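First the structure, in the form of structure tokens, and then the observations on it.
The values are calculated or read from the model by the stated rules, or taken from the named source; none is laboratory data. It should be emphasised that the depicted structure is a prediction, and the values quoted were computed from it without experimental measurement. As a convention, Cβ positions derive from the backbone with ideal geometry for all residues, glycine included, and neighbour counts pool all protein chains shown.
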């Protein structure tokens, strides 16, 4: 399994209107510093208060608590949903959330702010993501933008907009390794190897077929499926050898090289592992090498560097 040929088969305008503080008199400088410090401390406190509000809002929505959910909104609040539908006023919002909780039930979610700014001492703008639980995993579902106002020493949501996150398909991620698509070959005195890499119909998977044929006519055909794991944010692949071995690998990029960390089981049930190194040289050529190889816990020497060339 760990010869070079077998491994190939398994892989494949600032300051314009501001007087500089340094030009001010000492007492003016001191007052400016004091104002800056006070504003900074106030912003930090307000950010913490808003973060707490968003945490509690998420818990209220997750618990299907209409009264608690509505308590975070101002009387003249506006909510614009993903479809662009506007709901104005606290009474209308209460009715909307009540119907939503009745028909949908509880929906475990959390609001994660990524930017908070204060255009005025009593106004805040917050943007972030809304995550929803899918089993034990929380996935980003939508983005939100909010304008909050401070009334009677309490922050309230005055306007909120929810928008859809533009999903990336697996094909968008796999474009990084699209250079592999095509037919490749390499010959040696005792055998020839042909590698075919094609897109699946929807371009969310790459399919690789490696055929190694010896001079005596014997042949092995191995397969690899390359996809994208959104949980690990990584390109991954599954390997199936014609002799019954199989395995799983994770792809990472190191400058112009791609590393495939592979772990699997051979036909006899032994654990196997290796790192395959792919180095694109041009549109028509790349090199490959298998390093850090083990079989049943035993170390195996690195393979030779092999050059694959594009063929028709």
Just need a number here: residues in the range 231-252 that are touching a strand residue (DSSP E or B) at 6+ places or on another chain (Cβ under 8 Å) and not in a strand (DSSP E or B). 6
Among the residues of the range 23-43, are any part of a helix (DSSP H, G or I), at pLDDT 65 or above and within 35 Å of the chain's Cα centre (by Cα)? yes
Answer yes if at least one residue in the range 165-181 is outside the structural domain of residue 77 (by TED's automatic domain parsing), over 19 Å from the mean Cα position of the chain (by Cα) and not in a helix (DSSP H, G or I), and no otherwise. yes
For residue 306: the one exception among (1) under 19 Å from residue 171 (Cβ atoms); (2) surrounded by 12 or more Cβ atoms within 10 Å (Cβ to Cβ): (1)
Would you pick out the residues in the range 184-195 that are within 20 Å of residue 217 (Cβ to Cβ) and in a strand (DSSP E or B)? 185, 186, 187, 191, 192, 193, 194, 195
Output the number of residues of the range 81-101 satisfying the condition of being modelled with pLDDT of 95 or more and either assigned to a loop (DSSP other than H, G, I, E, B) or not assigned by TED's automatic domain parsing to the domain that holds residue 145 (or both). 1
